[in-house]
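Asks: Take this structure, written in structure tokens, and hold onto it; I'll ask about it next.
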Amino acid sequence: TCQGRVYLRIKWKIYVLEEVQKELLSFGESGMSLMEMSHRSKEYSKINNDAQKAVRELLHVPDNYKILFIQGGGTGAFAAVAMNLINRTGSADYAVTGTWSGKAAKEAAKYGKVNLVFPKADKPGSIPAESTWTLNPDAAYLYYCDNETVDGVEFPYIPNANGIPIVSDMSSSIMTKRVDITKFGCIIAGAQKNIGPAGVTVVIIREDLLGNPMKICPSVFDFTHINKENSVHNTPATFSVYVMEKVLQWIKKNGGVEAMEAQSSQKKTLLYDAILHSNNFYSCPIDEDVRSRINVPFRVGGPQGNEDLETKFLQEAEKLKMFQLKGHRSVGGMRASLYNAVTSDDVNLLVKFMNEFRKQYG
Ligand code: PLP
């Protein structure tokens with residue numbers, strides 16, 4: 001995707017983007033690009049339905065869950081979640097483990113009362129034990145971010161919310177591991193990390209949670225309305241959904257989410273082992289039990305990082321066509337993002353480079 005950050009040999013690029021390129025000027029026999037076609041055409045209608053079907057198949061989504069495509073990105077979905085779900089009781093619980101859940105909590109506070117189930121940590125990098133969380137029995141839902149993309153913190157479990165619907169942001173982890181959908185009330189995921197171009201956000205929602213949006217909820221964020229209109233209530237991001245559908249077919253052809261999970265676990269081991277066995281030349285500031293399989297932040301030149309060495313690391317990496325390894329500006333250091341488009345071979349090349357760099361500068 002546009003955000004598959006270690007660009008080495010992106011296998012799905014060959015499968016997906018070459019197909020897109022072939023169809024760009026003429027979709028099927030039409031002589032028209034998909035971009036020229038109405039979102040009410042039979043061609044787009046098939047793509048829309050096929051994409052929903054692929055999400056359902058890949059994640060084993062039960063029939064009592066609806067799959068919607070909205071716009072507005074992950075950030076739009078932060079507001080949409082609150083406007084669709086908070087009305088039932090007026091308040092919601094938020095587990096803030098990093099940047100994105102923090103932003104989601106802030107957004108939700110515009111629409112109802114937000115209770116943080118544990119105090120905000122000064123330094124993200126851990127998840128407090130569930131036994132210490134303060135859950136509000138009247139919360140309309142419990143929200144958490146499955147994988148904090150910026151901070152590199154991933155939930156190794158699904159929290160227990162005592163029957164309260166659980167909402168999870170899976171923007172950076174969707175389709176990288178199996179998920180028991182029945183444990184969730186709602187899942188949101190911007191497509192741009194693992195499943196397609198920016199522009200479409202996937203919403204999976206249990207149908208009994210529909211029907212209670214706030215009056216102020218714009219129709220483009222109203223899950224009940226969008227569901228009724230099968231995600232074509234207004235012009236969707238048709239091109240993004242089209243490419244996403246192809247990525248989902250690519251995942252299916254390559255062994256499904258199960259295979260993505262196996263690959264993800266292999267990639268995680270390769271990279272964290274290289275960090276662990278570097279004699280502290282590389283270090284990861286995240287608690288071991290919650291280290292992300294997807295976004296791996298690390299420092300170069302000791303636990304506090306050596307900025308000169310880090311600049312050098314980035315320059316040398318770029319010479320080898322490994323781009324965008326710089327950590328998010330809010331946390332510094334490095335961050336390797338191991339989305340589905342990145343293969344184990346790619347990570348092996350990164351590790352090889354890291355080892356050589358350490359030999360030279362360590
Ligand atoms: N949630 C997570 C986990 C993210 O990683 C991101 C973006 O990187 C967002 C939400 C925000 O997504 P968007 O930029 O589409 O609003």
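The values are calculated or read from the model by the stated rules, or taken from the named source; none is laboratory data. On a predicted model such as this, the values are computed, not experimentally measured, just so you know. Note: ideal-geometry Cβ built from the backbone for every residue, glycine included; neighbour counts use all protein chains shown.
Asks: Of the numbered conditions (1) crowded, with 18+ Cβ neighbours inside 10 Å; (2) free of Cβ contacts under 8 Å to residues at least 12 places away in the same chain, residue 262 fails exactly one; give the number of that condition.
Replies: Residue 262 satisfies all of (1) crowded, with 18+ Cβ neighbours inside 10 Å; (2) free of Cβ contacts under 8 Å to residues at least 12 places away in the same chain except (1).
Asks: If you check every pair at least six apart or on different chains, which have Cβ atoms under 9 Å apart with a residue in the stretch 120-135 that is farther than 21 Å from residue 92 by Cβ and in the same structural domain as residue 97 (by TED's automatic domain parsing) first and a residue that is of a type outside the set (A, V, I, L, M, F, W, C) and exposed (fewer than 14 other Cβ atoms within 10 Å of the Cβ) second?
Replies: Sorted first by the residue in the stretch 120-135, then by its partner, the pairs are 125/287; 126/287; 126/289.
Asks: Could you say whether any residue in the stretch 209-230 is within 12 Å of the ligand (Cβ to nearest atom) and either modelled with pLDDT of 95 or more or among the basic types (Lys, Arg) (or both)?
Replies: Checking the stretch 209-230: not a single residue is within 12 Å of the ligand (Cβ to nearest atom) and either modelled with pLDDT of 95 or more or among the basic types (Lys, Arg) (or both).
Asks: Then there is this: Could you check the stretch 107-119 and list, in sequence order, the residues that are in contact (Cβ under 8 Å) with a residue 12 or more places away in the chain and either within 11 Å of the ligand (Cβ to nearest atom) or surrounded by fewer than 23 Cβ atoms within 10 Å (Cβ to Cβ) (or both)?
Replies: Let us first name the residues in the stretch 107-119 that are in contact (Cβ under 8 Å) with a residue 12 or more places away in the chain, namely 107-108, 110-118.
Of everything in the stretch 107-119, those that are in contact (Cβ under 8 Å) with a residue 12 or more places away in the chain and either within 11 Å of the ligand (Cβ to nearest atom) or surrounded by fewer than 23 Cβ atoms within 10 Å (Cβ to Cβ) (or both) turn out to be 107, 110, 111, 112, 113, 114, 115, 116, 117, 118.
Asks: Taking residue 189 as the residue in question, decide whether it is in a loop (DSSP other than H, G, I, E, B) and either hydroxyl-bearing (Ser, Thr, Tyr) or at pLDDT 95 or above (or both).
Replies: no
Asks: Within the stretch 47-90, take every residue that is more than 16 Å from the chain's Cα centre (by Cα) and of a type in the set (Ser, Thr, Tyr) and give me the one that is farthest from residue 178 (Cα to Cα).
Replies: In this case the residue turns out to be 89.
Asks: Quick check on the stretch 219-230. Is at least one of its residues among the basic types (Lys, Arg), free of Cβ contacts under 8 Å to residues at least 40 places away in the same chain and within 22 Å of residue 92 (Cα to Cα)?
Replies: No, the stretch 219-230 contains no residue that is among the basic types (Lys, Arg), free of Cβ contacts under 8 Å to residues at least 40 places away in the same chain and within 22 Å of residue 92 (Cα to Cα).
Asks: May I ask you to list the residues in the stretch 126-152 that are within 16 Å of the ligand (Cβ to nearest atom) and either surrounded by fewer than 22 Cβ atoms within 10 Å (Cβ to Cβ) or charged (D, E, K, R) (or both)? Even if it seems obvious, please write down each step before you answer.
Replies: Keep residues of the stretch 126-152 that are within 16 Å of the ligand (Cβ to nearest atom), which gives 127, 143-152.
Those that are within 16 Å of the ligand (Cβ to nearest atom) and either surrounded by fewer than 22 Cβ atoms within 10 Å (Cβ to Cβ) or charged (D, E, K, R) (or both): 146, 148, 150, 151.
Asks: Quick check on this structure: which one of 204, 195, 158, 187 is more than 11 Å from the ligand (Cβ to nearest atom), without any contact (Cβ under 8 Å) to a residue 40 or more places away in the chain and surrounded by 20 or more Cβ atoms within 10 Å (Cβ to Cβ)?
Replies: Going through 204, 195, 158, 187 in turn, just one is more than 11 Å from the ligand (Cβ to nearest atom), without any contact (Cβ under 8 Å) to a residue 40 or more places away in the chain and surrounded by 20 or more Cβ atoms within 10 Å (Cβ to Cβ): 187.
Asks: Would you mind stating whether residue 269 is part of a helix (DSSP H, G or I) and either of a type in the set (Ser, Thr, Tyr) or surrounded by fewer than 21 Cβ atoms within 10 Å (Cβ to Cβ) (or both)? If you could, list the steps in order and put the result at the bottom.
Replies: Numbers: part of a helix (DSSP H, G or I): yes; either of a type in the set (Ser, Thr, Tyr) or surrounded by fewer than 21 Cβ atoms within 10 Å (Cβ to Cβ) (or both): yes.
Judged against the criteria, residue 269 is a match.
Asks: While we're on this one: Going residue by residue through the stretch 123-135, is there one that turns out to be within 17 Å of residue 98 (Cβ to Cβ) and of a type in the set (Lys, Arg)?
Replies: Scanning the stretch 123-135, I find at least one residue that is within 17 Å of residue 98 (Cβ to Cβ) and of a type in the set (Lys, Arg), so the answer is yes.
Asks: Can I ask one more? Could you please give the count of residues in the stretch 161-184 that are more than 30 Å from residue 299 (Cα to Cα), within 16 Å of the ligand (Cβ to nearest atom) and assigned to a loop (DSSP other than H, G, I, E, B)?
Replies: 2
Asks: Show the residue pairs meeting these rules: Cβ distance below 9 Å; 6+ apart or different chains; first residue within the stretch 34-50 and within 13 Å of residue 229 (Cβ to Cβ) and in the same structural domain as residue 202 (by TED's automatic domain parsing); second residue among the aliphatic types (A, V, I, L, M) and in a helix (DSSP H, G or I).
Replies: 48/241
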